[in-house]
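Below you'll find the structure, written out as structure tokens, and then a few comments.
The values are calculated or read from the model by the stated rules, or taken from the named source; none is laboratory data. The model shown is predicted, which means the values in this text are computed figures rather than measured ones. A quick note on method: Cβ atoms are made from the backbone with ideal geometry, for glycine too, and the neighbour counts reach across all protein chains shown.
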Amino acid sequence: MTILRFLALPFVLLLMLAATVRAEPLPEPVNGVTFEEWASANGRIANHQDKQEVIAVLGLDMHSYEAVDVAFTEALKTSAPDGDVMRVFGEAFGDPNRGRFAKTEQVDIEGKLATLDDYARVQGHLQAATELKLDPAKVLEEHNLTPYEFSQEAGRWVRVMAMEASKSSDNVMKYNVAIERYRLEYLAKGSKN
């Protein structure tokens, strides 16, 4: 999975929450691993948990895990963007404590972007980085975030903004203004380098 996929995840999830989900069967387990466990494993790996540890929890060796990864990645590629497969993947990726992982050390990241201003700063920096053709992973590192952590925190703030938008468009405007302010700040800094 690419970093852009992780960064886009909160926005995809928000769109999926608003849309009707198309019913489709989930892929059958591969090498004893369910689709949800695989998605949770990906969430843990994206959060920099050691891949060998993740695979060990699933009771697999690297070769067996690669077969699981290939099969489920193909299932994602052929699934409907508004279907159950994509929905379940997003939910399980966002909850790395599913299946066998429920009995392991729990992953909890809420609070790294404690305020809207914290979120706006990182989001504005990422937008500036895109324009400046900078590596988004490096931007997240500057803010002490992994792509997975950012996807989780951004998802939370996107939901907050969606709730606020339903109350008043003025609330959404102030969020956009904050993000834009940081985007311009980071663009100015980046253009001087």
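For segment 45-74, a residue qualifies if it is in a loop (DSSP other than H, G, I, E, B) and either within 13 Å of ARG100 (Cβ to Cβ) or more than 20 Å from the chain's Cα centre (by Cα) (or both), and the qualifying residues are LEU58, GLY59, LEU60, ASP61. Consider segment 84-97 and keep the residues that are more than 19 Å from PRO147 (Cβ to Cβ) and in contact with a helix residue (DSSP H, G or I) (Cβ under 9 Å, 6 or more places away or on another chain). The one that is surrounded by the fewest Cβ atoms within 10 Å (Cβ to Cβ) is VAL88. Residues that are in contact with a helix residue (DSSP H, G or I) (Cβ under 6 Å, 6 or more places away or on another chain) and of a type outside the set (Lys, Arg) within segment 39-56 comprise ALA39, SER40, ALA41, ASN42, GLY43, ILE45, ALA46, ASN47, VAL54, ILE55, listed in sequence order.
PHE93: in the same structural domain as SER40 (by TED's automatic domain parsing), at pLDDT below 85 and among the aromatic types (Phe, Trp, Tyr), yes or no? Criteria met by PHE93. Among the residues that make up segment 158-167, is at least one of them part of a helix (DSSP H, G or I), basic (Lys, Arg) and crowded, with 20+ Cβ neighbours inside 10 Å? Checked segment 158-167: no residue is part of a helix (DSSP H, G or I), basic (Lys, Arg) and crowded, with 20+ Cβ neighbours inside 10 Å. Only residues that are hydroxyl-bearing (Ser, Thr, Tyr), modelled with pLDDT of 50 or more and within 21 Å of GLY155 (Cβ to Cβ) were counted across segment 1-51, and they come to 2.
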